[in-house]
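Throughout, read-outs are computed from the coordinates displayed, never taken from laboratory work. Just so it is clear, the model here is predicted, and its values are computed rather than measured. Please note: Cβ atoms are built from the backbone with ideal geometry, for glycine as well, and neighbour counts cover all protein chains shown.
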Amino acid sequence: MTTDDPSPATRVAARLMASAIELFARFITAVRADWQGVDPVPGRRVYYANHASNGDFVLIWAVLPRRLRDRVRPVAGADYWLATKLKSFIGRHVFNAVLIDRTGGGPKEAPVEQMAAALDDGSSLILFPEGTRNLTDERLLPFKTGLYHLAKARPETDFVPVWIDNLNRVMPKGEVVPVPLLCKVTFGAPQRLDGDDKDAFLARTRDALLALAEDAA
Amino acid sequence: MIPDLVILLSWITGLLILASVVGAVLEKRYSPNGESEAIENLTARIRAWWGMAILIGLAFLAGRTGVVILFALCSFAALREFVTLTNARRADHWTLAIGFFVVIPFQYWLIWAGEYGIYSIYIPVYCFLLAPIISALRGETENFLVRVAELQWALMICVFCASHVPALITLEIEGYEGRGVLLIAFLILVVQLSDVLQYVWGKLLGRHKIAPRLSPSKTWEGFVGGVASAVAIGTMLYWITPFTPLQAGVMALVIALMGFFGGLVMSAIKRDRGVKDWGHTIQGHGGFIDRLDSVVFSAPIFFHLTRYWWT
C-alpha cells in the first residue's frame, strides 16, 4: 500500500490529532517507559508487543522519543483501519500504519513483503505477533509465524520485545469508557534470528516477552 | 489580591532559591557526575518543588476557582494511582468510571459552590451506598467485600479528604473575609515543611527507627525534630491565619501529627502491595499520593477544628 502525498492541511490536521491522542493517552494512563534491555536509539528495529487493547500501539508510540516516533510504523489490519473515514485518516496519516490485508484474499507472502519494504525504507515497525487482540485470561497467545518470516527476510533486524502492562484493565473488551490507571511499557533485550528454525525463534521471542511480563507483575 | 499572599509567595520563592543553591553546592562538591543517588534525588526533588510551588502559587492567585480545579486534578491523579493497586476487576468498570468522571467533578463543584451540607456527606453516605450497588449489578461476587471496601477507601482518601483542602476557602470566619486562600497556604506549608524537616532531622540525627517494617526512613529523632520545627514555623505564620500565635502553634501540632500518621498509614498500604512509590509522575518524589498522603490526613481535621471553633 502506498500512501499518497498528503496535502499540507492534512499534515497539520494529522499533527494536531497526534498531539490530542498523545495527551489523552497520558491523561488516562500517565504512561511511563522502562528501557530495560535496550536504549531508545534509532536502528533497524521491530518492536513486538502483547496485544490486549486497541490502544496498545498508541502507548508504545507515545513513549518513544520524538526522533524514534517519527520513523516508527505500526502494522495493522487494513479491514479495521480503512473501515471509516476517521479511522483511515488516523491509520494512514497520523500513525502512518503499514496496512495488512488480513482477509486472506491476496498472496500469502504479501504482508511480509510490505513489512520488509517498510524496514528497507528506514522505518521501524510495531508488530503484534499474536495476530489478534488477546481477550482471554492467558497472558500471551501463541505467536503467528509472520514474525519469523519477517526475521528470515531481513535477518539484520533487531526484534525488541515490548510488554504493555495494565492497559487491558483500563479498557476491557466491550467497554467504551476507559478507567484511568497507571500503565507501563517495558522494552527488553533485542532478539535476532541467528539461524534458529521457526519454532525455536517463535519460542525464544515469546519467552523474552513473557519474561518482561513476569518482571512487570 | 491579598498583600499577605504576595509576601508569603515571596518568602516561598526565597526558600526555594535557597534550597536550589544548597542543592547545587552539594551536587558540585559530592556528586559532580551524578554518582550520589541521594544527592541526585535531592536535586530532582527540589526541581519538582519549584514546579509544585509555581502551580499552587498560580492557583492561589486565581482564587477559589483555581484552587478547586488544582485539587480536583490532584484527586484525579491520586485516584488513578490508588485504583491501580487495588483488586478492582471488570465488574467494577462502571463504578470506577463513575468515580473518576462523575464523583470527582461533582464533589469539587459542591466545594466550589460552598454546599457544605452536601459535600460533607456526598461520598461518605451517597457514594458509600451507591457504589456497591453498581458493582453488585454486574453479578461478580469474587472478593466482593474487598473490592467494595478498597474502592470506598480510595474515594474517601483521594477525593473526599483531599477536597477538604480547597474547602477551607469556603469557611466564613469573622474578620478573615477574603483571606481563605491563606488558610490553605498555612496547612500546606506546615504539613510539607514538617515532611521535609522530618527528613532533614532524620538524616542528620536519626538513630532510632519508629516503624522499621512500615517506613525505614522514619526515626524518632526526625519525628520530634520535624514536628517541633513545624510547630515553630506554624506559630510564626500566625499572621496569615485567624489564630493567635498559641492557637496557630497548636493547629500546626495537630497538622504535623496527622500528616506524620497519614504518611505511616499510606506506607503500610504500599508495603502490603509491594511497591516503593505510589507512582512515578513527580520526578524524585514518586506519585501524587506520595506527596499528598500527609495533606490528605490533616486537611479534614484542620478543616473541622477551624469550622467548629472559628465559624
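Between A:Ala216 and A:Asp137, the distance separating the two model label sites (each 7 Å from Cα on the Cα→Cβ line) works out to 2.0 nm.
Protection proxy ranking for B:294-307, A:63-76, using the average of other Cβ atoms within 10 Å per residue and placing the highest first: B:294-307, A:63-76.
Apply 1/(1 + (r/R0)^6) to the Cβ-Cβ distance of B:Ser217 and B:Ser20, taking R0 = 22 Å, and write down the FRET efficiency to the nearest 0.05. It would help to have the intermediate numbers written out before the result.
Working: r = 23 Å, r/R0 = 1.04.
For R0 = 22 Å, the calculated efficiency reads 0.45.
Computed from label points 7 Å out along Cα-Cβ, the spacing between B:Leu246 and A:Met17 is 6.9 nm.
Placing a label point 7 Å from the Cα of A:Ala110 along the Cα-to-Cβ line, the residues of the range A:77-101 whose backbone N sits under 16 Å from it are A:77-83, A:98-101. Taking all C-alpha pairs of the range B:66-170, those more than 20 Å from each other amount to 34 percent. Computed from the C-beta positions of B:Trp50 and A:Arg102, the FRET efficiency with R₀ = 41 Å rounds to 0.20.
In the protein assembly as shown, the calculated helix contribution to ellipticity at 222 nm averages -18500 deg cm²/dmol per residue, counting -39,500 (n - 2.57) for every DSSP H run with n ≥ 4.
Here the Gaussian network model covers chain A, with springs between Cα atoms less than 10 Å apart; of A:Phe143, A:Phe159, A:Phe187, A:Phe143 fluctuates the most. Of the peptides B:143-151, B:4-12, the order by per-residue mean of other Cβ atoms within 10 Å, starting with the highest, comes out as B:143-151, B:4-12. Taken residue by residue and averaged, Cβ atoms of other chains lying within 10 Å of the Cβ of A:172-179 number 5.
Tell me, in nm to one decimal, what length is gained between B:Ile133 and B:Thr13 on full extension, where the rule is 0.36 nm per residue of separation less the Cα-Cα distance?
Numbers: separation 120, 0.36 × 120 = 43.20 nm, distance 4.85 nm.
Length difference between fully extended and current span is 38.3 nm.
Can you give the mean number of other chain Cβ atoms that lie within 10 Å of the Cβ atoms in peptide B:277-287? Please list the in-between numbers first.
Numbers: counts 0, 1, 3, 5, 4, 0, 0, 0, 0, 0, 2.
Mean inter-chain Cβ contacts per residue within 10 Å come to 1.
Candidates A:Pro65, A:Trp81, A:Ser53 compared by Cα position along the dipole of the range A:53-104: farthest toward the positive end lies A:Pro65, with charges placed on Cβ.
Show me the ranking of peptides B:265-277, B:68-80, B:155-167, B:93-105 by mean Cβ neighbours inside 10 Å, starting with the highest.
On the way: B:265-277: 14.5, B:68-80: 22.8, B:155-167: 25.2, B:93-105: 19.8.
Going by the mean number of other Cβ atoms within 10 Å, highest first, we get B:155-167, B:68-80, B:93-105, B:265-277.
What does the structure give for A:182-194 when I average, per residue, the other chain Cβ atoms found within 10 Å of the residue Cβ? List each step's numbers first, then the result.
Details: counts 11, 1, 2, 0, 0, 0, 0, 0, 0, 0, 0, 0, 0.
Taking the mean over all residues of the peptide, I get 1.
For the range B:255-311 versus the range B:43-103, the spacing of their alpha-carbon centroids is 13 Å. Put a dot 7 Å past the Cα of A:Val41, heading toward its Cβ, do the same for B:Glu174, and the two dots end up 7.2 nm apart.
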